[in-house]
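Novice: Take a look at the following structure, please.
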Amino acid sequence: MGELPLDINIQEPRWDQSTFLGRARHFFTVTDPRNLLLSAAQLETSRNIVQNYRAGVVTPGITEDQLWRAKYVYDSAFHPDTGEKVVLIGRMSAQVPMNMTITGCMLTFYRKTPTVVFWQWVNQSFNAIVNYSNRSGDTPITVRQLGTAYVSATTGAVATALGLKSLTKHLPPLVGRFVPFAAVAAANCINIPLMRQRELQVGIPVADEAGQRLGYSVTAAKQGIFQVVISRICMAIPAMAIPPLIMDTLEKKDFLKRRPWLGAPLQVGLVGFCLVFATPCAVPYSPRRGKCCPWAGRGTLDWTLHLWAS
């Protein structure tokens, strides 16, 4: 077998990003929770393979599939701009296990005010860690900006949850199960624009088809933020809408009535099953290359990657 050629573009995703299937396959790989189980030595090996290849040095005996595997392992654990190893719960591969736990608990403990406040706070604290861990290299997040978004999103989520909880207490119990979803949606609408307020003011970098940077576009920033807000809400719908319907039915059965302690782990499991598919399918709903303004030949997917976990 000959040496691997140096013309494989590992700066770009492996699959065609002009199609939804290609984008979905890319994000299924990026968010693969199994990458969390990799050792520090395995992560370092993948980083060396990728950095050496980018420098024109091919690791002896490596195949193209192994190169792509190393690229996605590297992307799952290291910041794309700074090259720093991201804290474990801030990685894209941690999105499913972390969100399944937090969302499952939000959906389970929605009846009492203290637990509503606690789990909404936990959710926004986790979001703050992800926001900081995946901050953009072009427009880094300041501590003040992060703090403002964190406090505002937490306040908005808690206020929405408690307000709707009060309004729905006389309605059927099933209605109350959807209050956490409304709170999360409200927090996303607050958090993401606040986290990227600088881009809304000065714009984000755009480039032509050859990758040459042309300038900054506020229009592209607005479009990117809108896409991320929508994708975040879409990502939450399966995990926060399907399990409540199933649990409302199951809790009326004798099996769960006799074993109420099974409710929380069952709900967490249902949320996790939904998130495994919802997370990588919701993010790539929009194409990588957009035409958001006349001179923006390149879209905002790379920038969106820093945002979708906000």
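Novice: Between a first residue in the stretch 103-118 that is on the phi < 0 side of the Ramachandran plot and a second residue that is part of a loop (DSSP other than H, G, I, E, B) and open to solvent by 30 Å² or more (accessible area, probe 1.4 Å), which pairs have beta carbons less than 6 Å apart while being 6 or more apart in sequence or on different chains?
Specialist: Within 6 Å, the pairs are 115/109.
Novice: Based on this model, can you work out whether residue 45 counts as modelled with pLDDT of 90 or more and closer than 13 Å to residue 71 by Cα? Explain how you work it out, then say what you get.
Specialist: Values: modelled with pLDDT of 90 or more: yes; closer than 13 Å to residue 71 by Cα: yes.
Criteria met by residue 45.
Novice: Looking at (1) open to solvent by less than 50 Å² (accessible area, probe 1.4 Å); (2) aromatic (Phe, Trp, Tyr); (3) in the same structural domain as residue 264 (by the TED database), which is the only condition residue 74 fails?
Specialist: (3)
Novice: Could you please give the count of residues in the stretch 239-261 that are in contact (Cβ under 8 Å) with a residue 12 or more places away in the chain, assigned to a helix (DSSP H, G or I) and surrounded by fewer than 19 Cβ atoms within 10 Å (Cβ to Cβ)? Write out each step before concluding.
Specialist: Within the stretch 239-261, the first condition is being in contact (Cβ under 8 Å) with a residue 12 or more places away in the chain, and the residues that meet it are 239-248, 250-251.
Filter once more, keeping what is assigned to a helix (DSSP H, G or I): 239-248, 250.
Now drop any that are not surrounded by fewer than 19 Cβ atoms within 10 Å (Cβ to Cβ), which leaves 241-242, 245-246, 248, 250.
Residues meeting the conditions: 6.
Novice: To continue, here is another question. Are any of the residues in the stretch 46-65 out of contact with any helix residue (DSSP H, G or I) (no Cβ under 7 Å at 6 or more places or on another chain), under 25 Å from residue 276 (Cβ atoms), free of Cβ contacts under 8 Å to residues at least 60 places away in the same chain and not charged (D, E, K, R)?
Specialist: No, the stretch 46-65 contains no residue that is out of contact with any helix residue (DSSP H, G or I) (no Cβ under 7 Å at 6 or more places or on another chain), under 25 Å from residue 276 (Cβ atoms), free of Cβ contacts under 8 Å to residues at least 60 places away in the same chain and not charged (D, E, K, R).
Novice: Within the stretch 210-227, is there a residue that is within 19 Å of the chain's Cα centre (by Cα), assigned to a helix (DSSP H, G or I) and among the β-branched types (Val, Ile, Thr)?
Specialist: yes
Novice: Check 153, 207 and return the single one that is in contact with a helix residue (DSSP H, G or I) (Cβ under 9 Å, 6 or more places away or on another chain) and assigned by the TED database to the domain that holds residue 100.
Specialist: Going through 153, 207 in turn, just one is in contact with a helix residue (DSSP H, G or I) (Cβ under 9 Å, 6 or more places away or on another chain) and assigned by the TED database to the domain that holds residue 100: 153.
The values are calculated or read from the model by the stated rules, or taken from the named source; none is laboratory data. Being a predicted model, the structure only gives us computed values, none of them experimental. Note that we place each Cβ from the backbone using ideal geometry, even for glycine, and neighbour counts take in every protein chain shown. In case anyone asks, the SASA skips ligands and DNA or RNA and just uses the protein heavy atoms, side chains included. Shrake-Rupley method; radii C 1.70, N 1.55, O 1.52, S 1.80 Å.
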